[in-house]
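The values are calculated or read from the model by the stated rules, or taken from the named source; none is laboratory data. Quick caveat, the model's predicted, so the values are computed rather than measured. Reconstructed Cβ throughout: ideal geometry from the backbone, glycine too, with neighbour counts over all protein chains shown.
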Amino acid sequence: MTERGVNTAAREVTALVVAAQAGDEAALTELISAHLSLIYNIIGRALNGHADADDLVQETMIQAIRHLPGLRDPERFRSWLVTIAYRQVQMRQRSLKRLLLRRQEVPSDLPDPCGDFAERTVTELMLTGQRRELAEAARWLDDDDRRLLGLWWQEATGELSRAEVAAALAVSPKHAGVRLQRMKAQLEAARAVVRALHASPRCPELSSLTRDWDGRAEPVWRKRLTRHVRDCRHCQRHRTGLVAPEKLLLGLAPVPVAAGLAVGTHTAGGSAPIWTALQNLLSKKVAAVTAMAAVATGGGFAYTVYHSPISPEQQMAVRPTSTVATPPAGAAATGGTPSGPTPSASPARQPAGGFGLIGWAAYDGGTGGRTSGGTGGQTVTVTTLDDLTAQAKSSSTLIIRVNGNFTCSDDVRIAGNKTILGVGVGAGLTGCGLNLRNTSNVIVRNMNIARVKSGNGNGDAVHIDNSTRIWIDHNDLSSDTTHDNDYYDGLLDISHGADYITVSWNAFHDHARCSLVGHSDNNAEEDVGHLRVTFHHNMFSDCAQQNPRVRFGNPVHVFNNYYTVSTAVDESYGIATTCDGGVLLEGNVFEHIAEPTHLGEGSSPAGNLVSRDNALIDSGAIQTRGKVASIPYGYTADPGDTVKSMVISGAGTGKIAT
């Protein structure tokens with residue numbers, strides 16, 4: 001394709017993205033259809049043709065739909081989509097490795113988690129000569145290099161540009177080039193090893209070296225055999241005469257898109273066929289795990305929502321009129337995923353006790369009574385940032401209704417005896433957060449606080465410092481995952497002896513470090529005996545870590561929360577307990593969380609954790625340690641099989657009367 005043709009195609013994709021973000025369902029369908037083959041080849045090669053490729057392709061597309069309204073640069077759609085696919089493969093490989101390391105029973109058709117497209121090309125494409133050697137050599141690469149090989153194959157065929165490969169790897173194009181060169185060097189060395197192993201007669205020294213080898217392509221044996229082939233005069237000949245891998249890869253046929261996905265993707269008005277195909281294929285996978293799935297329908301297409309929900313704003317942008325199907329009677333809520341919530345005064349499902357205050361903020365043991373915020377004071381409505389700032393710092397007891405979403409760059413300080421209540425679904429702050437420092441008796445509800453940069457005030461969406469009797473409820477706190485971890489700080493940080501705090505029914509999402517309880521390992525004198533916090537019925541979606549990370553606080557009560565991720569990263573985990581803190585983990589649901597808990601984190605020593613009745617869906621084991629102080633307040637934990645659907649329906653903004 002000429003440069004002019006490439007530019008024209010890029011403009012067409014950008015136009016489709018913009019139209020889809022504006023709610024054009026035909027554009028959305030065309031956009032996904034046009035990229036289906038690319039994503040199927042990236043994932044299909046990485047998973048060596050295993051049946052799970054269909055699921056990961058579908059999951060990639062669902063995640064793309066879910067996050068498309070928030071894509072700020074439509075020109076980057078292709079690289080953004082490839083990044084989602086690449087991370088889906090990363091998460092799956094890591095999950096399978098952990099399963100094997102724990103020696104759990106696995107299905108008989110489970111592939112080698114270190115596998116890539118090598119097995120598929122050897123067994124299905126029946127390669128011969130150097131192509132077969134190349135495919136076998138790929139088995140000797142490390143996990144990262146195998147994923148690199150899949151991306152490089154798409155670059156070699158012209159499907160991806162170097163810039164798009166770099167974006168998928170989250171590095172610069174120059175750095176991506178260096179990594180690709182290193183991978184190719186490892187691949188060439190492995191090709192020579194494969195040749196030497198297949199030689200007849202084999203080098204006597206090589207035969208002696210491999211006498212005790214079990215035939216598995218492990219890193220230690222790769223190094224030994226590579227070193228031998230490099231230094232052995234008899235085996236050095238296998239390093240010569242190798243055809244450039246680009247030429248061999250260009251001769252490979254693309255991985256065919258699954259028939260169920262391919263049918264109808266390019267028919268006139270074909271939105272229904274592609275989403276029906278996605279729904280049907282995905283439902284087969286979900287059926288093996290659960291008896292429940294909610295299907296979102298509207299505007300001529302339907303698809304199953306498999307992970308975390310689409311926000312109300314995203315629903316309006318992608319499918320303006322949608323309904324939610326009622327789950328089957330008796331379905332187990334921990335397996336399927338209901339559709340995203342729609343704005344209303346009350347959620348579809350509530351706990352038996354409603355949305356009232358419970359937990360540490362309701363405990364009156366020596367704290368001066370339950371947290372009441374501005375109850376009993378005047379109610380005022382603010383429509384500008386200046387009005388909010390003035391009313392929030394006043395000494396009066398106030399219920400402050402926030403009508404609008406204000407852009408800002410410095411904290412809004414909240415004085416004592418205040419209720420901050422967002423009006424409707426979209427009220428809140430963008431760019432700065434709320435600062436609750438040296439204060440008491442504050443309630444924050446129904447606020448959207450997003451993208452607070454590290455240098456803006458304390459850098460947190462909500463910062464609680466040396467404050468008591470605080471209730472943070474039904475808020476939406478987020479940033480984005482397109483910047484490095486230091487671009488933003490925290491979503492909710494609780495520090496410097498803060499105490500008697502309840503964090504309930506909030507949606508934490510798209511952030512690196514979500515919630516910190518205790519700011520430093522060196523602050524024991526101030527924090528021991530304080531930092532008592534209750535986290536309940538919150539949704540942590542795509543929160544890489546600190547959900548929360550606890551120092552010193554004991555007991556910190558974490559119950560009936562729902563944790564889920566679409567893409568895992570190396571440092572990701574759920575909850576960390578450190579510095580002799582104590583966490584009671586009760587009735588939570590962890591879905592696709594590789595490491596639900598950490599005992600200790602970084603340089604912080606281990607804390608204690610007690611686990612009760614938690615549900616694990618495609619997640620790692622919960623680590624426990626020691627004992628935790630008793631909970632002094634009354635509460636009733638909801639049954640585990642209701643938590644996931646209940647939290648999805650009830651957490652975040654737009655669920656309480658304002």
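Filtering Ser572, Ser611 for residues that are in contact with a Ser or Thr (Cβ under 9 Å, 6 or more places away or on another chain), of a type in the set (Gly, Ala, Ser) and either surrounded by fewer than 24 Cβ atoms within 10 Å (Cβ to Cβ) or assigned to a strand (DSSP E or B) (or both) leaves a single hit, Ser611. For Arg132, the criteria (1) modelled with pLDDT of 75 or more; (2) part of a helix (DSSP H, G or I); (3) over 18 Å from Ala53 (Cβ atoms) hold in every case but one, which is (1). Could you go through segment 261-271 and let me know if any residue there is buried (at least 18 other Cβ atoms within 10 Å of the Cβ), part of a helix (DSSP H, G or I) and either of a type in the set (Gly, Ala, Ser) or modelled with pLDDT of 80 or more (or both). Checked segment 261-271: at least one residue is buried (at least 18 other Cβ atoms within 10 Å of the Cβ), part of a helix (DSSP H, G or I) and either of a type in the set (Gly, Ala, Ser) or modelled with pLDDT of 80 or more (or both).
Results for (1) at pLDDT 75 or above; (2) under 23 Å from the mean Cα position of the chain (by Cα); (3) outside any helix (DSSP H, G or I), shown as yes or no for each residue.
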position: Arg92; (1), (2), (3): no, yes, no
position: Ser108; (1), (2), (3): no, no, yes
position: Ala118; (1), (2), (3): no, no, no
position: Val122; (1), (2), (3): no, no, no
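Of His483, His509, His537, all but one fail to be closer than 20 Å to Phe559 by Cα, under 19 Å from the mean Cα position of the chain (by Cα), modelled with pLDDT under 95 and of a type outside the set (Phe, Trp, Tyr); the exception is His509.
The set of residues in segment 614-658 being hydrophobic (A, V, I, L, M, F, W, C), buried (at least 16 other Cβ atoms within 10 Å of the Cβ) and closer than 22 Å to Thr371 by Cα consists of Ile631, Ala637, Ala651, Ile656.
Of the residues examined, Arg445 is not one that is among the basic types (Lys, Arg), surrounded by fewer than 20 Cβ atoms within 10 Å (Cβ to Cβ) and under 22 Å from Thr389 (Cβ atoms). Whether a residue is closer than 30 Å to Thr60 by Cβ and at pLDDT below 75 was assessed, and Leu242 does not pass this test. No other residue among Ala163, Ala156 is modelled with pLDDT of 80 or more, on the phi < 0 side of the Ramachandran plot and touching a Pro at 6+ places or on another chain (Cβ under 9 Å) apart from Ala163.
Per the listing Asn614, Asn560, Asn547, Asn608, the residue uniquely of a type in the set (S, T, N, Q) and either outside the structural domain of Arg469 (by TED's automatic domain parsing) or within 20 Å of Asp499 (Cβ to Cβ) (or both) is Asn608.
Per-residue answers, yes or no, for (1) in the same structural domain as Phe552 (by TED's automatic domain parsing); (2) of a type outside the set (Phe, Trp, Tyr); (3) surrounded by 24 or more Cβ atoms within 10 Å (Cβ to Cβ):
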| residue | (1), (2), (3) |
| --- | --- |
| Val462 | yes, yes, yes |
| Asn466 | yes, yes, no |
| Trp471 | yes, no, yes |
| Leu477 | yes, yes, yes |
| Ser495 | yes, yes, yes |
| Ser504 | yes, yes, yes |
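Ala657 satisfies every condition listed in (1) part of a loop (DSSP other than H, G, I, E, B); (2) in the same structural domain as Gly404 (by TED's automatic domain parsing); (3) among the small types (Gly, Ala, Ser) except (2). Cβ-Cβ contacts under 8 Å between residues 6 or more apart (or on different chains), taken from a first residue in segment 633-649 that is closer than 14 Å to His557 by Cβ and in contact (Cβ under 8 Å) with a residue 12 or more places away in the chain to a second residue that is part of a helix (DSSP H, G or I) and small (Gly, Ala, Ser), are listed as Tyr633/Ala362. Among the candidates Arg370, Arg349, the residue that is assigned by TED's automatic domain parsing to the domain that holds Thr502, modelled with pLDDT under 95 and among the basic types (Lys, Arg) is uniquely Arg370. Of the helices (runs of 4 or more DSSP H) lying entirely inside segment 151-225, those containing at least 1 residues that are within 38 Å of the chain's Cα centre (by Cα), assigned by TED's automatic domain parsing to the domain that holds Glu133 and more than 18 Å from Cys235 (Cβ to Cβ) are 162-169, 173-198. Taken over segment 545-562, the criterion of being modelled with pLDDT of 95 or more and assigned to a strand (DSSP E or B) is satisfied by Arg549, Val550, Arg551, Val556, His557, Val558, Phe559, Tyr562. Considering only residues in segment 381-426 that are hydrophobic (A, V, I, L, M, F, W, C) and in a loop (DSSP other than H, G, I, E, B), the one that is surrounded by the most Cβ atoms within 10 Å (Cβ to Cβ) turns out to be Ile414.
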